[in-house]
Each structure stands twice: as structure tokens, then as C-alpha cells.
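Down below is the structure, laid out as C-alpha cells.
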Amino acid sequence: MPLPSMKDQFAALIAAPSVSCTQPALDQSNRAVIDLLATWLGDLGFACDIQQVSPGKFNLLATFGTGPGGLVLSGHSDTVPYDDALWQTDPLKLTEVDGSWVGLGSCDMKGFFALAIEALQPLLDQPFKQPLIILATCDEESSMAGAKALAAAGGVLGCAAVIGEPTGLKPIRLHKGVMMERIDILGRSGHSSDPSLGHSALEAMHDTIGALKGLRQQWQAQFNNPQFSVPQPTLNFGCIHGGDNPNRICGQCSLEFDLRPLPGMDPEMLRAAIRQKLQPLAELHQVRIDYAPLFSECAPFEQSADAELVRVAERLTGHTAEAVAFGTEAPYLQRLGCETIVLGPGDIACAHQPGEYLEMSRLQPTVRLLRQLIEHYCLTPA
């Protein structure tokens, strides 16, 4: 039975709901997407390994050919949540609008799999000297649990990995990390007319924010990478909640903040520096300070400029490899022995937005580029 056309594959992937979200009410299984890919790739002769990461969540490792090395074409099978009312088309139906394919996951990034399958099909009757691996992960949009599970399992995946996140077909070899953290301060409430009756969590938080601003200033003086549009690490105070009435000493206060480290900055070292600042403040204000990540971090990523994959991608695209601010699964694939870049057809500006789309003019250039990468790494490796 022949495979569906590229457009029909694209449409089927979009029609298979696979939202991942930290809110359980919105979270969905990705099994339908994984089953579609495993069926198509299995029919083409790939050995398909479906790996359960957690209940309802799966990775797919589909391999054509054998041996060490080879090329990994990687993407995540999930999407962000969506609001039907803000879409002008059905988000789960592929719709052509003004020269673009519109649908949830078209750009970020289920559509990449249909393009990869289109690219590889004409090559399958040639002898593969190194394997081609199609990797589809779960939960990239929330916890990155799929990529983390692969990295934790260890081993070597391939010698080169291309992650098809939206980069406008420009190779990306660096991105910042993403850390979302929370500080909870528990003081003691009391009547505001007598400060000795309580320990203000709000005043302790005031000094805590001052300490974090000091660390931010220190890190921004110490770390700088001009390849990023914002060349320093950033620390954003996102939201704060505390107290309940002007005439009560504040008994509890919480802060959530976002920290974006540059490559070379270790998240655990940053957390250790923060904890070192918090301990004396807890003693000074006689409060309890609890500090923990809201989510496990996405590590910063850097692939060396002289890596073979970077040079090949630059030659094939005509673009020098760049840096981006958003996080990806790249650091986890690096841990599995892969030279890694991020390179895909979409535009990050329309990702996570109502009306997400992929320009049709990008379809064939992407197929051509992926085919050239497969030829280089699998058919005629150096």
C-alpha cells in the first residue's frame, strides 16, 4: 500500500492531537502521532522502536541501515495548547491560506516529519553506508521528558543530529538555557502596629530581590556572547504574591523568576550561588526561605563552529550558523555523542500563536536540504 502524499501526511499529523502542558486538564497523549510515523516509516523498511517515557507519552526511534555513526533527523511530536476562539481556521485541520499551510504544529514542528519522509524516500534503494535515524520525542513543550529520558539511557545515537525546529532554514549552533525558578518565604504575621509581633516575609523578599539583582549584575559583567541579540544572561522577575492586608505583617511571599544562562554557565552553579545569598537573609529576617526550580532546566547549548555538521550545514544553506534565544532538545542529543544543530523551515515568530503556519515556498527547499544531508552522512560518508 503506497504511503500518503507529503501533504496528506502533513494533514494527518496535524489532525492527531498531541498537546503537552503542565496543566493536567490540557495535557494529552502523543501516541497517535507516534503510531502514524511508525506505520509510515515501518512500511519504508525502518526498524521502529516505540519507547514509553511515562503513561501516554512515547518516543520513537526509527532506524534505516546499520552500523556506527549516521544522521539523526529529530523533532518533537507534541504541540502547545491552543485556544479555538483565536484561530480563524480549525487548528487541527491543514488549511491552505495565502500560500501557507496553516495548522497547529505546522511550523513547530510536526510538519518537519512529513518533509523528512519526503526527502528520504527516493534514496532508500541505494546502499546506506551509515544509518539514518528519525527521532520523534514527547513533551518538548513542557518538561522535555522525552529527550531527557534518551539522554539518561545513555549510549551513542549517531554522529550528527539535525533538530527541525523553526529557524527559517538557517543553521543554529548556540542557544541560551531556560531556568524557571520559585522562591517561597514563610514569615510570621502579626498586627502592623507592633513590628515585634511578626517577621515580614515581604521585607525579606525585598532583600532577596536585591540579592538576585546583585547576582544578575555580576553575571552580566562576567558573561557576554556577542553572537546573541541579547549578549548577556538575563534574569526576569516574572510574578510576585504576598500578604493580604495593609494592617497585617506579611506572613508569606512568593516570587517566580526566569533565568536565561549563556553557554558555559552551569545551571547548578547558578543555583548554588543563589542559595548562598538566601541563607543569611533567612537568618537576618528570621524567616524560612524555600528555593526550587518550577521545572527542570533546559541547559544552554553550543556546538563548536568548526564541527563537520556546522560546516556542511553552512555550505548547503549559504548561511553562517547563528545563535537563538529559545531553548531546544539539542543539549540532550549532544550527550548521546551527536554533533548537533537546529535547522528547520518554519519561523519562530509564528510558533505558539493562533494561525501557526509554514510557507509553502519553504517545502521543497527543506526537502532538498534534508536529502543532501542524508546523502552526505548516510550514502557517501567521509
*State which residue is farthest from residue 143 (Cα to Cα) when the search covers only the stretch 312-334 and only residues that are modelled with pLDDT under 95 and of a type outside the set (A, V, I, L, M).*
326
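Yes or no, residue by residue, for (1) within 28 Å of residue 144 (Cα to Cα); (2) modelled with pLDDT under 95:
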| position | (1), (2) |
| --- | --- |
| 233 | yes, no |
| 236 | yes, no |
| 244 | no, no |
| 249 | no, no |
| 257 | yes, no |
| 271 | yes, no |
| 275 | yes, no |
| 283 | no, no |
| 299 | yes, yes |
*Those residues that are surrounded by 20 or more Cβ atoms within 10 Å (Cβ to Cβ) and either in contact with a Phe, Trp or Tyr (Cβ under 7 Å, 6 or more places away or on another chain) or of a type in the set (Lys, Arg) (or both), I need them from the stretch 149-185; list them, please.*
150, 160, 164, 173, 174, 175, 176, 181, 183
*Hits in the stretch 45-55 (condition: surrounded by fewer than 14 Cβ atoms within 10 Å (Cβ to Cβ) and either of a type in the set (Asp, Glu) or not in a strand (DSSP E or B) (or both))*: 45, 49, 55
*Are any of the residues in the stretch 301-315 without any contact (Cβ under 8 Å) to a residue 60 or more places away in the chain and either surrounded by 13 or more Cβ atoms within 10 Å (Cβ to Cβ) or not assigned by TED's automatic domain parsing to the domain that holds residue 340 (or both)?*
yes
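Residues checked against (1) touching a Cys at 6+ places or on another chain (Cβ under 9 Å); (2) part of a loop (DSSP other than H, G, I, E, B):
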| site | (1), (2) |
| --- | --- |
| 7 | no, no |
| 11 | no, no |
| 17 | no, yes |
| 25 | no, yes |
| 37 | yes, no |
| 42 | yes, no |
_Would you confirm whether or not the stretch 327-337 contains a residue that is in the same structural domain as residue 74 (by TED's automatic domain parsing), free of Cβ contacts under 8 Å to residues at least 40 places away in the same chain and under 14 Å from residue 167 (Cα atoms)?_
no
*With 163, 185, 134, 209 as the choices, which residue is among the β-branched types (Val, Ile, Thr), out of contact with any Gly (no Cβ under 6 Å at 6 or more places or on another chain) and under 18 Å from residue 331 (Cβ atoms)?*
163
*Restricting attention to the stretch 139-148, which residues are part of a helix (DSSP H, G or I) and buried (at least 24 other Cβ atoms within 10 Å of the Cβ)?*
146, 147
*Within the stretch 256-273, is there a residue that is over 17 Å from residue 294 (Cα atoms) and touching a Cys at 6+ places or on another chain (Cβ under 6 Å)?*
no
_Residue check, residue 342 more than 30 Å from residue 210 (Cα to Cα) and either without any contact (Cβ under 8 Å) to a residue 24 or more places away in the chain or touching a helix residue (DSSP H, G or I) at 6+ places or on another chain (Cβ under 8 Å) (or both)_ = yes
*So, of the residues in the stretch 75-102 that are of a type in the set (A, V, I, L, M) and part of a loop (DSSP other than H, G, I, E, B), which turns out to be surrounded by the most Cβ atoms within 10 Å (Cβ to Cβ)?*
94
*So is residue 30 more than 23 Å from residue 348 (Cα to Cα) and either in contact (Cβ under 8 Å) with a residue 40 or more places away in the chain or surrounded by 15 or more Cβ atoms within 10 Å (Cβ to Cβ) (or both) or not?*
no
_Flag if residue 337 is at positive phi, touching a Leu at 6+ places or on another chain (Cβ under 8 Å) and not aliphatic (A, V, I, L, M)_ = yes
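To keep it simple, each residue is scored yes or no on (1) under 21 Å from residue 363 (Cα atoms); (2) among the small types (Gly, Ala, Ser); (3) modelled with pLDDT of 95 or more.
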residue: 117; (1), (2), (3): yes, no, yes
residue: 126; (1), (2), (3): no, no, yes
residue: 131; (1), (2), (3): no, no, yes
residue: 137; (1), (2), (3): no, no, yes
residue: 144; (1), (2), (3): no, no, no
residue: 147; (1), (2), (3): no, yes, yes
residue: 158; (1), (2), (3): no, yes, no
residue: 162; (1), (2), (3): yes, no, yes
residue: 165; (1), (2), (3): yes, no, yes
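The values are calculated or read from the model by the stated rules, or taken from the named source; none is laboratory data. A quick note: this is a predicted structure, and the numbers were derived from the prediction, not measured. Note: ideal-geometry Cβ built from the backbone for every residue, glycine included; neighbour counts use all protein chains shown.
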